[in-house]
Every structure is written in structure tokens, then in C-alpha cells.
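Structure, as C-alpha cells:
Here, each number is a calculation from the coordinates, and none is a lab measurement. As the structure is a computational prediction, the values presented were derived from the model and not from experiment. Positions of Cβ are generated from backbone atoms using ideal geometry, with glycine treated the same way; all protein chains shown enter the neighbour counts.
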Amino acid sequence: MRERILPRPDMPLHGPYDAVIVGAGVHGLGLAYNLAKRGMTHVAVFDKSYIGSGASGRNTTLIRSAFTTPEWITFFQESVRLWEGLSDELNFNVMFTQRGYLILALTEEKAELCRRAVPQQNRQSIPTRLVDTKEIKTIAPCIDTTAVRVGILQPTGGIARHDAVVWGYAAKAQKLGVEIHPFTEVTAIQVADGEVKGVDTSKGSVKTSLVVNAAGGHSPEVARLAGVEIPAKTYPLEAFVTEPLKPLLTPALICLETLTYLSQTARGEFVGGSEVDNIPPSHSIRSTFGFLELAAERVVQLIPALAQAALLRQWAGIIDMTPDLGPLLGEVEGIKGFVLDCGWGGYGFMASPAAGKLMADYLIDGVKPTQLVPFALSRFKENKTIREASLVVLMPEDEKPTGRAAAT
């Protein structure tokens, strides 16, 4: 008999809980699994919709650790390491394929950034290397290298299947005793005397001393339920998929200047997108023609053969972005038991294995792993923000630094 992966939406609450996690995406479910794996026996995950309904089920699934700052490199290299064994650990094929990850630079400024980044990455055991246009043509003959200065190739990067990751974590977490409550909205977080006491949900109230905000694009609203304003705003992010084509592109591909990202699936579809400037904060998941027009132009510039490809579908999701585009990880000062795992922007999917493990270690052991330390909420108050310069996510206009070039 096939094992049921998820409980019924009308499953009753069985509190009190050792931990309540708000958000049933890859971060919420991954953390729940790791907490249960470490021995926490009463864990509940709540989501006001179906599991994976947010950015976890709407992203383009690219995975790398080839960044430019030691904080990002260290964290995401741990995630790549965990990705490599995730299917075996979950006993569920998450379809992680290390087909490589290619980063293209078109200007001398970004080319120099790449030249400086590779030695830093190599020192942290990432086997990246600089590739010139001749080698890029060998790796991916479909790419028009006319405007390309240089690239970075990370052989250990790749892609995974987002819904497989969601269901894999859900199945394993439930098998370890985690309660997963889809279509159950958290409506209030009970705080008294500076401590979390419980939560109110659309199914009723339960007691808990630990609440983790892993609500992605809804994380600012969830934080407000505890009386907390976090430095994050919600923005839409769009993507598209083409008809299946013959194999053209092996590695995942991004371009730093045009903020374009692309990969070809095992079935032949091209999945990708490009960042549109001056988008105001919004929770809208409506697709737009403006995105499609811009993304098509930029993608065809990189791969001219796609000019005649038919588009099957486009969609949008929402992401929560902080002023330095880095995540918010750890307890909120002044409210014992209220913890953040949010603010991931467009990089939450690739970070999820490391975030789940490291956050679980932190919550159970009481000692923050070194990879989490740089991403504390306090960095904004202490002027210790991180400017990762290889992101293909636009920094909001009101957050761009003045007097120098902004990271992109």
C-alpha cells in the first residue's frame, strides 16, 4: 500500500508543540525534518495554502556556491555538499544533477569580479575555474560569445526538481512524526513577558515556546503577528518555460549584467527568467507581458537558437528581500523563542538543505553555527551588512547604496 505523504487538511491539532514552523516550503519542511531527525518529538508545520505553494514551487531551481563573499560561499558550499546526498537521505529522488553552472561576464567590471572570485572560491574547496570564450563554446556551443569577456564554471553546480524536494522533505518529516497542516493559517503569535507562548490558527490555538518564521514572501506579515518589523519587503519574481527542444545547453547559465538565468531540463524545456527593474513591492503573482518581452530579448541574445522556440507557460511567485539581499537567520532580540528563517530573495531554494540542518543544530544545541552568524538580524543595526556582488536579483531602488556601484 502506498504510504500517504501528507495528512488530511482537516487533521486535528495535537499540541502543545516543541516547535511551530510557519510556512510549508522547502525551508519550513527542511527544518522540520532536521529537528525531528535530531530528536525533537513534537513539531508542527502550518501553511495557509498547500505545501510548496510559495516560491518553493515557483523558482527556477538553479544551485551553486560560486559567490564572491566568504559568507555566501561558506553557507552555500555547505548546501551543495548536502544536495549531493539529499536523495539518499530522504529516500526520495530530488533529481539533483550536477551538470555544472556557468556564470558569464560581459563587461570588464564583472570580468574582474570573476577573476578575483575564483581564487577565493578555490580556497574554500569549490572547484571553479575561469573559462574564456573558446572554452565556453566547447562547454555550450549554443551560446553567442560575441559580447562575453570571461566566465566562471562550477562543475559541481546544477539543478534539482523543486516539487520533488518539497515532497521528499514532507514525506520524511511526517515519517519522523512531524505534523504538517496545510490550509491552516497562523493568525496570531502569542507573546507575553518577552517570550513566545503559543499561536492562534484557523483550526484553533496551541501552546509552544518556539515559533520559526519560514513564510517566504509572507514573512513580513508573519513577523508582525509577533509585533516585529523585519527589514524585508515582498516582490514578485517571474519565470517562463519553453517547448521541449533537442539538447542544447548542459550547464545552468546566468549572465551578471543582464540578470538573466536559464537551464534546460531533462525533457528539453528551457526554464528561466530575467530581472525587471523598478518593480514596486507587491504580493501579486500575475504574469506580465513586460517581463516576457524583456526576458525573451535577453535570452535570445545569449542563445540565438531560441528565437523560434515556442513558450509554453509563464508564471510569477513572491520573494522576501532584505536591504542587502541576504537572509535573516536566528532569534529576534527581545522575543525569546521567535526565530527567523526568511529574507532569502531568489536564493532560498538552493540554500534550503544547509538552512534546515544548520538552523536545527542551532535550535537544539543552543549554539549558532558559524555559517549562520553573518546573517543575523542585528547586522543591520551593527552596520555589518554583506554586499554579495554576483547575485542576479535587482536591489530595490530605495535600498541601493549611494556614492558607489550597487551590487547586482
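Highest mobility in the GNM of the chain, judged by mean-square fluctuation with C-alpha springs under 10 Å and restricted to K134, K368, K207, is found for K134. Fewest-first ordering of Y261, Y33, Y362, Y169 by other beta carbons within 10 Å of each residue's beta carbon gives Y362, Y261, Y33, Y169. Sequence-ordered 3J(HN,Hα) estimates for the stretch 106-112 from the Karplus curve with 6.51, -1.76 and 1.60 and θ = phi - 60° stand at 9, 10, 5, 4, 6, 4, 5 Hz, glycine and proline given as x. Under 5 Å between amide hydrogens, built in the peptide plane, is the criterion, and for K336 it picks out E195, V196 among residues at least 5 positions away or on other chains. Inter-part distance, the stretch 84-121 to the stretch 13-81, computed on C-alpha centroids, equals 20 Å. Ranked from largest, the principal axis spans of the Cα set of the stretch 167-297 equal 58, 40, 24 Å.
Expressed per residue, the C-alpha convex hull volume of the stretch 145-192 stands at 273 Å³. The phi-based Karplus calculation (6.51 cos²θ - 1.76 cosθ + 1.60; θ = phi - 60°) puts the 3J(HN,Hα) values of the stretch 255-260 at 10, 5, 6, 8, 6, 10 Hz, whole numbers, x for Gly and Pro. Listed by chain and number, the aspartates and glutamates placed with their C-alpha closer than 12 angstrom to that of K197 are D18; residues fewer than eight positions away on the same chain are left out.
Of all lysines in the structure, those lying under 20 Å Cα to Cα from K357, and not within fewer than 8 positions of it along the same chain, are K37, K172, K175, K368.
Put simply, the amide H of R129, placed in the peptide plane, has neighbours under 5 Å in L153, leaving out anything fewer than 5 places away on its chain.
Beyond 29 Å, what percent of the Cα pairs of the chain remain? Of all Cα-Cα distances in the chain, 42 percent exceed 29 Å.
Each residue of the stretch 366-372 was assigned a 3J(HN,Hα) from its phi angle through the Karplus curve 6.51 cos²θ - 1.76 cosθ + 1.60 (θ = phi - 60°); the sequence is x, 10, 7, x, 4, 5, 7 Hz, with glycine and proline shown as x.
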